[in-house]
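Right, one structure below, let's go through it.
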Amino acid sequence: MDWGQIFSFAIESALGTQAMYFALAAIGLNIHFGYTGLLNFGQAGFMICGAYGLAISIVEYDLHWLIGIVVGLIASGIFALLLGIPTLRLRADYLAIVTIAAAEILRIVVRATSLRGFTGGSNGINGFTAGFQDARPGFLDGGIDLGFISFSSRQSWVLFLGWITVLLGVGFTYLLIHSPWGRVLKAVREDEDAARALGKNAYSVKMQSLVLGGLFGALGGIFFVLAQGSVQPTPQDFGTPKTFFIWVAMILGGTGKLWGPVIGSVIFSGLLAFTDSALRQAVAADYVPKSIIDGVQVGQMRFILLGLGLMVLMIYRPQGIFGDKRELALDAN
Amino acid sequence: MSRFSELKAVDPSVLDSVAQQPGAAKPDPVLTATGITRRFGGLIAVEVEHLEVQRGLITALIGPNGAGKTTFFNLITGFDLPDDGTWTFEGREMGTLPPHKVARQGMVRTFQLTKALSKITVMDNMKLGAPNQSGENFFRALVHPLWRQQEDEIEERAIALLDRFKLSHMSDEFAGTLSGGQRKLLEMARALMTDPKLIMLDEPMAGVNPALTQSLLGHVKSLRDEGRTVIFVEHDMDVVRDISDWVVVMAEGMIIAEGPHSAIGENQAVVDAYLGTHHDSALTFDDETTAKMAAEAAAGADSAEGTDT
Ligand SMILES: Nc1ncnc2c1ncn2[C@@H]1O[C@H](COP(=O)(O)OP(=O)(O)O)[C@@H](O)[C@H]1O
Ligand SMILES: [Mg+2]
């Protein structure tokens, strides 16, 4: 087995587009769940808003890609309001049910045949990244080459801007969380009624949180399709499994921790690539008998291994990598 | 340092001339409730015809378990909606105001089941209580210099209150690490951070160890000295006797007696309520406790550790 190749694959993925856009979406989820206690199981829906907002603005309306990004963000803001208005006054589980359903409905709506002229139906949308790539600064023209890993010039530009957005997102979250606003957010997470009894408008602050976290979800969707070069309404791109992977990344890093979602996304993507290439090589080199798994089954096998790994993590480090075990113990009382 | 400059201490003797009967008019009521009804299915949990609460004094609300005291608190503070009834606070109609707006009017409550915000530090619990924080606005929150100074002032007040409640040494700990009694103290201190005119305490002494009870009583009395109005629910008749200026007795949702504590123990309706003469509906009176308490209430005798469920 070529361990050098396995590790360079893993590192490439840990710094690559998946880690980057997962980090953005997970930052949003962390604002929702980690800081406010909102159960959003529809982060993929916010990603759809961002991705389609961008692609449709460019392809259908010939708008600048930056305006496309703004359109995507606005769309996700509207989506958040639509979800929040009926549910945020109710018990927390209602939001969970509504978000999981709404995200899936949105995905099915955009792939509807009758909307083909607008959203591309089940084919999705291509050819919207030219303007974005034209804006690439000269120093990225040769791509990024670190010797053991390298990214093409197109990928480099997405990654460069994406990771900067991640850093800005973390800084932004830091400013908010360490403010009286952030204090109200956490109070609502701990006990909404206590916050209300102290004169805090829990409904309003939950709405603000839902919109804000949704904007990060939209940014995740935007950078995802900028990297991929196409938008496709498939389950693996925008379905519920995507939402759950983002949850996994967030929990892995540490829920309610500033860097948790970023580190979690990096490790999640790295580990996934690591198990994938290690398994593939092991199968190819006959370390694993073909009767147990063959090359085709590796794709599924890595998720099984990942699931096992997660179970182990939850048993030995339930608070995640950045989490504080003391805090978790407080949940008990 | 109150935002309500009009707060003035009131002499308890103003109640001397008040009739000792349910619904009695007070010289200067801060809270007036009329015709408040709350039904849960067939059960009438609250049916208060008229209640006036005198400004600046300590009113005890007592009654057996299930009498409707907590439900009454919930209604008055906007946490629950009555089927019927109106009430005014400071002359202002409160009707359907949501809880946070009720609190902003200067009427703050604590909960029977303590609500310490576990994964927030004791200090942040306190700071949360402060009203009118400009940094609670999303956009201002991003620009820290806009609220730094106010934050420092809030912190100063919080430190002073924590000192008073003997919690300063826990300031940086998560509130979840406090003992039950300390949480009661924290909840009360946090409520005081809102600088309330009227503070409603739902069983503030329950589960607090006797050493702390004394200091808690001291704090409640000092609220009166500051001119704040206090309504508190309590089962321990010693406590009621010690600090209350006026006692309101509820049973089966209704107010059955009012008066100074000296008069309440002899009141036949109260003794009946505690002994369960009207014990015909399927209410959850714990007979042993209530009988014991009634005996003590009647005899004006020694301590009883009231527990509620
Ligand atoms: N949410 C509710 N649903 C149904 N019944 C309730 C509810 N809240 C209170 N009750 C009932 O109303 C009555 C009054 O309860 P409560 O106000 O808690 O009494 P207290 O605080 O005086 O002990 C009790 O019989 C209780 O069982
Ligand atoms: Mg009660």
Problem - Members of segment B:104-146 that are free of Cβ contacts under 8 Å to residues at least 40 places away in the same chain and charged (D, E, K, R) - result: B:Arg104, B:Asp124, B:Glu136, B:Arg140
Problem - Residue list for segment A:126-145, filter: assigned to a helix (DSSP H, G or I), open to solvent by 50 Å² or more (accessible area, probe 1.4 Å) and of a type in the set (S, T, N, Q) - result: none
Practice task
With respect to B:Asn132, determine if the residue is in contact with a Lys or Arg (Cβ under 9 Å, 6 or more places away or on another chain) and either modelled with pLDDT of 95 or more or under 26 Å from A:Gly34 (Cα atoms) (or both).
Solution key: yes
Fill in the blank from the handout: Only one of (1) open to solvent by 20 Å² or more (accessible area, probe 1.4 Å); (2) on the phi > 0 side of the Ramachandran plot; (3) within 16 Å of ligand 2 (Cβ to nearest atom) does not apply to B:Asp80, and that is (2)
Problem - Whichever residue in segment B:236-252 is within 15 Å of ligand 1 (Cβ to nearest atom) and surrounded by fewer than 23 Cβ atoms within 10 Å (Cβ to Cβ) and, among such residues, is farthest from the other protein chains (Cβ to nearest Cβ) - result: B:Glu252
Handout entry: Members of segment B:72-111 found to be part of a helix (DSSP H, G or I) and within 16 Å of ligand 1 (Cβ to nearest atom), listed by number
Key = B:Phe72, B:Phe73, B:Asn74, B:Leu75, B:Ile76, B:Pro99
Fill in the blank from the handout: Subset of segment B:85-118, residues in contact with a strand residue (DSSP E or B) (Cβ under 7 Å, 6 or more places away or on another chain), open to solvent by 40 Å² or more (accessible area, probe 1.4 Å) and charged (D, E, K, R), comes to B:Glu90, B:Glu93
Problem - Only listed residue being under 20 Å from A:Asp191 (Cβ atoms), within 13 Å of chain A (Cβ to nearest Cβ) and at pLDDT below 95, chosen from B:Met200, B:Met188 - result: B:Met188
Practice task
Report, by residue number, each residue of segment A:169-189 that is at the interface with chain B (Cβ under 7 Å from one of its Cβ atoms), open to solvent by 40 Å² or more (accessible area, probe 1.4 Å) and over 22 Å from A:Leu81 (Cα atoms).
Solution key: A:Leu175
Practice task
Kindly indicate whether any position in segment A:190-210 is open to solvent by 20 Å² or more (accessible area, probe 1.4 Å), more than 27 Å from B:Pro98 (Cα to Cα) and in contact (Cβ under 8 Å) with a residue 12 or more places away in the chain.
Solution key: no
Handout entry: Residue in segment B:62-73 that is surrounded by fewer than 17 Cβ atoms within 10 Å (Cβ to Cβ) and either on the phi > 0 side of the Ramachandran plot or not assigned by TED's automatic domain parsing to the domain that holds B:Leu217 (or both) present
Key = no
Completion exercise
All-but-one check, A:Asp237 against (1) touching a residue at least 12 places away in the same chain (Cβ under 8 Å); (2) of a type in the set (D, E, K, R); (3) within 13 Å of chain B (Cβ to nearest Cβ), failing number (3)
Problem - helices (runs of 4 or more DSSP H) contained in segment B:151-244 and holding at least 1 residues within 16 Å of ligand 2 (Cβ to nearest atom) and either over 26 Å from B:Pro99 (Cβ atoms) or of a type in the set (Lys, Arg) (or both) - result: B:180-193, B:237-243
Practice task
Name, by its number, the condition in (1) closer than 22 Å to A:Ala75 by Cβ; (2) in contact with a Phe, Trp or Tyr (Cβ under 7 Å, 6 or more places away or on another chain) that does not hold for A:Pro233.
Solution key: (2)
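The values are calculated or read from the model by the stated rules, or taken from the named source; none is laboratory data. Treat the numbers as computed from the prediction; the structure is a model and nothing was measured. We place every Cβ from the backbone using ideal geometry, glycine too, and count neighbours over all the protein chains shown. These accessible areas exclude ligands, DNA and RNA; they are computed on the full protein's heavy atoms, side chains included. Shrake-Rupley method; radii C 1.70, N 1.55, O 1.52, S 1.80 Å.
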